[in-house]
Structures are given as structure tokens and as C-alpha cells.
Ligand code: NDP
Ligand code: HSE
């Protein structure tokens with residue numbers, strides 16, 4: 001049987017998961033694809049670190065160059081993380097003509113185009129299924145399964161750590177900091193957990209998905225990001241009373257085609273919304289029931305209609321499953337000498353653009369902390385009215401006159417810029433005791 005020799009960089013959560021998965025299902029993989037994947041070496045920082053799954057000392061080393069430069073290694077997996085040394089690791093392997101499998105979405109977000117160009121230049125390939133949504137094969141789905149579709153909408157719960165935290169805050173009333181510690185212990189969180197909770201990991205992933213869906217490489221700087229750090233249990237509870245669940249959503253929405261008519265053979269370029277923010281999702285929508293570390297991507301194509309992908313979005317085994325899928329593709333490409341059979345990214349809509357968040361129209365949940373006295377609601381609704389923003393419902397728990405009380409407003413569709421401007425003015429009213437909280441409402445239709 002044909003054999004490829006794998007050199008791995010990284011033997012932590014994902015790396016040790018891959019090592020273990022190959023031990024467990026390597027024979028099955030070989031029987032299915034007719035190629036055996038043999039692990040030659042695994043580079044780590046410190047051999048004696050505890051790992052989720054055991055890796056024999058005999059295969060470990062502490063110099064990634066020994067892995068990449070080993071003449072017997074003809075396939076490299078970068079599972080170390082980070083955006084500096086990892087870039088050098090991948091470029092070094094590609095320059096040697098060795099295909100690379102990576103799970104590193106932060107690196108792809110920052111340097112994807114450069115790495116894809118290097119793969120092309122050196123006649124090899126870069127595979128990255130594990131970089132988005134853990135075990136869900138969403139990259140393959142967008143790039144291959146939906147190749148004949150124009151993607152009009154993608155709503156994704158793409159960060160397992162945030163979804164785990166939000167689920168436990170909602171279901172158990174747990175504290176943010178305690179649940180984050182649990183997510184770290186389970187191996188879900190990034191080495192720097194602010195990447196998760198401040199929305200940047202989701203930004204990296206949603207940028208990759210938007211680029212694949214729309215054919216131009218989306219600059220992460222154009223993606224509006226809000227994380228979940230500022231959410232309180234009060235927001236989660238009030239949203240629940242109104243029939244919603246708060247989720248950190250990645251949103252890719254085709255807003256308009258431009259120009260409307262194109263010469264024959266030219267594809268109209270799109271203006272798309274690409275953003276990451278916490279949003280109220282109606283409880284009746286399937287995404288509201290995606291809990292704990294699970295991820296989901298709701299994808300609408302102009303031919304296929306609505307589709308839904310669901311699975312574990314982080315953790316050693318789910319992520320290893322996605323890496324194995326890439327190892328199989330790479331092994332087959334090595335066997336058949338077809339390195340660019342499926343190019344990592346094909347730009348086909350270079351004139352596309354991301355719409356600024358200020359222009360994005362949604363509904364809103366607003367929580368204010370106000371003094372309960374006559375005329376306050378009138379002042380607030382006057383400021384909203386002046387900005388042409390309508391109120392669709394109001395909740396204010398009963399209290400003593402003169403006491404501070406939460407005031408929840410649901411607002412009709414309005415551009416984000418208008419709402420932000422009006423809330424700034426509302427925040428300056430004497431009766432408003434703390435900065436207004438604004439969370440978007442997504443009807444997901
Ligand atoms: P870990 O921190 O658990 O593992 C990183 C591994 O890389 C460790 O084994 C570490 O060595 C090794 N390493 C780091 N720097 C070097 C270096 N310079 N030379 C050699 N080895 C090095 O991270 P994860 O496994 O969680 O994440 C790895 C990648 O996968 C990241 O890009 C992450 O974003 C991505 N990812 C993670 C998921 C998850 O659920 N955790 C899911 C999807 C993607 P040592 O063990 O000695 O410290
Ligand atoms: N930290 C990431 C998450 C890992 O929680 O989703 C998977 O990409």
C-alpha cells in the first residue's frame with residue numbers, strides 16, 4: 001500500500017488528538033483511501049508537558065525544523081498555533097514542496113492570501129478544514145458541495161468557547177469567569193482566551209467563510225466584531241422573557257449586487273455584511289437550541305435553499321476528525337500527483353466589498369438603567385423618534401418612584417449608525433444611570 005510520512009508540529013489539544021485518532025482509525029483510513037498515513041515525528045515545545053493523549057517520547061522532538069526538513073517527511077501538519085513562527089513553519093514546508101494541513105484560523109485570517117500564493121508557487125497545497133467549526137466539514141461544503149450556488153446568507157455559531165459560556169450562563173445562571181475556566185480546562189479555549197470571548201476567533205473564522213462564499217479575500221479589519229464579555233445575566237434573562245436566546249453570531253449576508261446588470265460572462269460583484277456580534281435569536285429558530293461547545297452554520301444558497309450544519313466546534317476529537325479529512329485529501333493528492341486538484345481558495349469576485357456596520361439594518365434590544373420618574377420614557381422616545389427609530393415593545397419591572405430600574409426597549413428595524421447615535425444622546429440624560437446596552441436582534445430569515 002502507498003504510504004505518506006507525516007511530520008506534525010504541535011502535540012497539544014489538537015495535535016495529540018490527531019495522533020490518537022490516527023492510532024485508533026489509521027487502518028480504517030488506509031482501507032478507505034488506499035494510502036497509509038505514518039507519523040514520523042511530532043515537534044513540541046517541551047517533551048514532558050502533560051497532554052490530553054499520550055505521544056511516545058521516541059517520536060517527539062523540540063525543533064520544528066527537524067520535522068519540516070526531514071527528507072522522509074512528505075506531509076506536514078501545523079498544529080502549534082500563533083501567527084508568527086507558525087507562518088514561518090508553513091512557508092518553510094511549502095517552499096520544500098510539502099503540502100501542509102493546518103487548523104490555524106488566526107494565521108489564515110492574517111496571512112491566508114500569502115500562504116495560498118506560496119502553495120501555488122511551489123506546486124503544492126494548503127488544507128484547512130479544521131480551522132472553522134471544529135468537526136463540521138464546512139470548508140468542503142462551501143468550496144465543493146455548494147460550488148454551483150450563490151451563497152446569500154450564512155449565520156454561524158462558530159466559537160465553541162463562547163457558546164459554552166452563554167449556554168451555562170443561561171441554563172445554570174453561572175458566572176462568566178467560572179465558565180471560562182471550565183472551557184479552558186476542556187481544551188476549547190485559545191491559548192489567549194480573549195481571542196474567544198472578545199470575538200476575534202469568530203472574526204477569523206467568519207472571514208474565511210465569507211471569502212470562500214463570496215470569492216474575494218475579506219480583510220479582517222473590515223469585519224465588525226463585538227464579543228460576549230459585556231453580556232450580563234440580566235440581558236440573558238430579559239431576552240428569555242421576550243422569547244429569545246442570546247448567541248454570538250457570525251453573519252455573512254449578501255446585501256445587494258452591484259452593478260445590477262453585467263456584461264455576459266461577468267459575475268455581478270456583491271456588497272456583503274460580514275460581522276460578529278451577540279444577537280437575540282428567536283427561541284423557535286433552530287440556532288437558539290445549539291448549546292454548549294456545539295457550533296452550527298445555517299447556509300442559504302440560491303439553488304440549494306436552506307441547509308444546516310451542526311457539530312462540536314472545538315476540542316481534541318472533533319478537531320482531529322477535520323484534520324484527518326485534510327490528511328486524507330493530502331495523501332490522495334500526493335499519491336496521484338494532483339497537488340492543486342482543489343485549490344485552497346479561488347478568487348472569482350474581486351470587486352466585492354464589505355458594508356460598513358453603520359449601514360447594517362437590524363432590530364434591537366436595548367437595556368437602560370433609569371430613574372423611575374414621570375417623563376423619562378417620553379424623553380427617551382423623543383430622542384429615538386428624532387432619529388426615525390420606532391419602539392416595538394417596552395418592559396419595565398414595577399418599582400418605587402425615584403428608584404433605579406431597568407427599562408427594556410425593543411426597537412424596529414434601523415441602521416446601526418442611527419441607533420448608536422441616538423443611544424449616545426440617551427446615555428447623557430440625567431435620568432439614565434449607566435451606559436445603555438444595545439444588542440442586535442436577528443430574525444434569521
Ligand atoms: P495547544 O496549546 O494545546 O497546543 C499547541 C502545541 O504546539 C503544543 O503541543 C506546543 O508544545 C506546541 N508548540 C507551540 N509552539 C511550538 C514551537 N515553536 N515549536 C514546536 N511546538 C510548538 O493548542 P491547540 O492544540 O488547542 O491549538 C492548536 C491550533 O489549533 C491553534 O491554531 C488553534 O487555534 C487551532 N484549533 C484549536 C482547537 C481547539 O479546540 N483547541 C479547535 C480548532 C482549531 P507543548 O505541548 O510542549 O506546549
Ligand atoms: N477556541 C476555539 C473555539 C477553538 O472555542 O471555538 C475551535 O476553533
Item checked: Residue that is farthest from ligand 1 (Cβ to nearest atom) [pool: residues in region 306-343 that are part of a loop (DSSP other than H, G, I, E, B) and within 19 Å of residue 33 (Cβ to Cβ)] -> 337
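Condition first: over 28 Å from residue 214 (Cα atoms), in contact with a helix residue (DSSP H, G or I) (Cβ under 7 Å, 6 or more places away or on another chain) and surrounded by 13 or more Cβ atoms within 10 Å (Cβ to Cβ). Can you find one or more residues in region 370-377 that meet it?
Of the residues in region 370-377, the ones over 28 Å from residue 214 (Cα atoms) are 370-377.
Imposing the further condition that a residue be in contact with a helix residue (DSSP H, G or I) (Cβ under 7 Å, 6 or more places away or on another chain) reduces the set to 370.
Next cut, surrounded by 13 or more Cβ atoms within 10 Å (Cβ to Cβ) only: 370.
Checked region 370-377: at least one residue is over 28 Å from residue 214 (Cα atoms), in contact with a helix residue (DSSP H, G or I) (Cβ under 7 Å, 6 or more places away or on another chain) and surrounded by 13 or more Cβ atoms within 10 Å (Cβ to Cβ).
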Notebook entry, point to check: Looking at (1) in contact with a strand residue (DSSP E or B) (Cβ under 6 Å, 6 or more places away or on another chain); (2) at pLDDT 95 or above, can you tell me which one residue 207 breaks?
Noted result: (1)
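Tally time: how many residues in region 255-279 are at pLDDT below 95 and farther than 14 Å from residue 222 by Cβ? Talk me through it step by step, then tell me what you get.
If we filter region 255-279 for residues that are at pLDDT below 95, which is where we start, we get 255-271.
Those still in the list that are farther than 14 Å from residue 222 by Cβ too: 256-269.
Residues that pass the stated criteria total 14.
Quick grid of which residues meet (1) within 13 Å of ligand 1 (Cβ to nearest atom); (2) in contact with a helix residue (DSSP H, G or I) (Cβ under 8 Å, 6 or more places away or on another chain):
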site	(1), (2)
38	no, no
47	yes, yes
98	no, yes
128	yes, yes
Next item on the list: Considering every residue within region 40-61, establish whether at least one is in contact (Cβ under 8 Å) with a residue 24 or more places away in the chain, assigned by TED's automatic domain parsing to the domain that holds residue 113, crowded, with 17+ Cβ neighbours inside 10 Å and within 16 Å of ligand 2 (Cβ to nearest atom).
Entry: yes
Next item on the list: Would you mind listing the helices (runs of 4 or more DSSP H) fully within region 164-264 where at least 3 residues are closer than 30 Å to residue 144 by Cα?
Entry: 200-214
Note to self: Quick check on region 62-86: of everything there that is farther than 25 Å from residue 337 by Cα and either assigned by TED's automatic domain parsing to the domain that holds residue 195 or within 26 Å of the chain's Cα centre (by Cα) (or both), which residue is surrounded by the most Cβ atoms within 10 Å (Cβ to Cβ)?
What the structure shows: 80
Note to self: Can you find, within region 292-306, the residue that is surrounded by the fewest Cβ atoms within 10 Å (Cβ to Cβ) among those that are more than 14 Å from ligand 2 (Cβ to nearest atom) and in contact (Cβ under 8 Å) with a residue 12 or more places away in the chain?
What the structure shows: 303
Notebook entry, point to check: residue 358 passes all but one of (1) modelled with pLDDT of 95 or more; (2) out of contact with any helix residue (DSSP H, G or I) (no Cβ under 7 Å at 6 or more places or on another chain); which number fails?
Noted result: (2)
Check: Which ones in region 78-94 are within 19 Å of residue 190 (Cα to Cα), within 10 Å of ligand 1 (Cβ to nearest atom) and touching a helix residue (DSSP H, G or I) at 6+ places or on another chain (Cβ under 7 Å)?
Finding: 78, 79, 80, 83, 86
Next item on the list: Filter region 139-161 down to residues that are touching a helix residue (DSSP H, G or I) at 6+ places or on another chain (Cβ under 6 Å) and within 15 Å of ligand 2 (Cβ to nearest atom) and give me whichever is farthest from residue 295 (Cα to Cα).
Entry: 139
Next item on the list: Check 199, 173 and return the single one that is on the phi > 0 side of the Ramachandran plot, out of contact with any strand residue (DSSP E or B) (no Cβ under 6 Å at 6 or more places or on another chain) and either in contact (Cβ under 8 Å) with a residue 40 or more places away in the chain or more than 7 Å from ligand 2 (Cβ to nearest atom) (or both).
Entry: 173
Note to self: Pairs please, first residue from region 119-137 and without any contact (Cβ under 8 Å) to a residue 60 or more places away in the chain, second anywhere and in a loop (DSSP other than H, G, I, E, B) and within 13 Å of ligand 1 (Cβ to nearest atom), Cβ atoms under 9 Å, 6+ apart in sequence or on different chains.
What the structure shows: none
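Quick check on residue 434: is it in contact with a strand residue (DSSP E or B) (Cβ under 6 Å, 6 or more places away or on another chain) and outside any strand (DSSP E or B)? I'd like the intermediate steps shown before the answer.
Details: in contact with a strand residue (DSSP E or B) (Cβ under 6 Å, 6 or more places away or on another chain): yes; outside any strand (DSSP E or B): yes.
Spelling it out, residue 434 is indeed in contact with a strand residue (DSSP E or B) (Cβ under 6 Å, 6 or more places away or on another chain) and outside any strand (DSSP E or B).
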Next item on the list: Return the residue satisfying two criteria in turn: it lies in region 126-152 and is within 15 Å of the chain's Cα centre (by Cα) and not in a helix (DSSP H, G or I), and of such residues it is surrounded by the fewest Cβ atoms within 10 Å (Cβ to Cβ).
Entry: 137
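Give me the residue from region 220-240 that is touching a helix residue (DSSP H, G or I) at 6+ places or on another chain (Cβ under 8 Å) and more than 20 Å from residue 153 (Cβ to Cβ) and, out of that set, farthest from ligand 1 (Cβ to nearest atom). Steps first, please.
In the first step, residues of region 220-240 are kept if they are touching a helix residue (DSSP H, G or I) at 6+ places or on another chain (Cβ under 8 Å); the result is 220, 223-225, 227-229, 231, 233, 236, 240.
Filter once more, keeping what is more than 20 Å from residue 153 (Cβ to Cβ): 220, 227-229, 231, 233, 236, 240.
Values: 220: 15, 227: 16, 228: 18, 229: 19, 231: 22, 233: 26, 236: 24, 240: 28 Å.
Among those residues, the one meeting the criterion is 240.
The values are calculated or read from the model by the stated rules, or taken from the named source; none is laboratory data. Quick caveat, the model's predicted, so the values are computed rather than measured. Backbone-built Cβ (ideal geometry, glycine too); neighbour counts: all protein chains shown.
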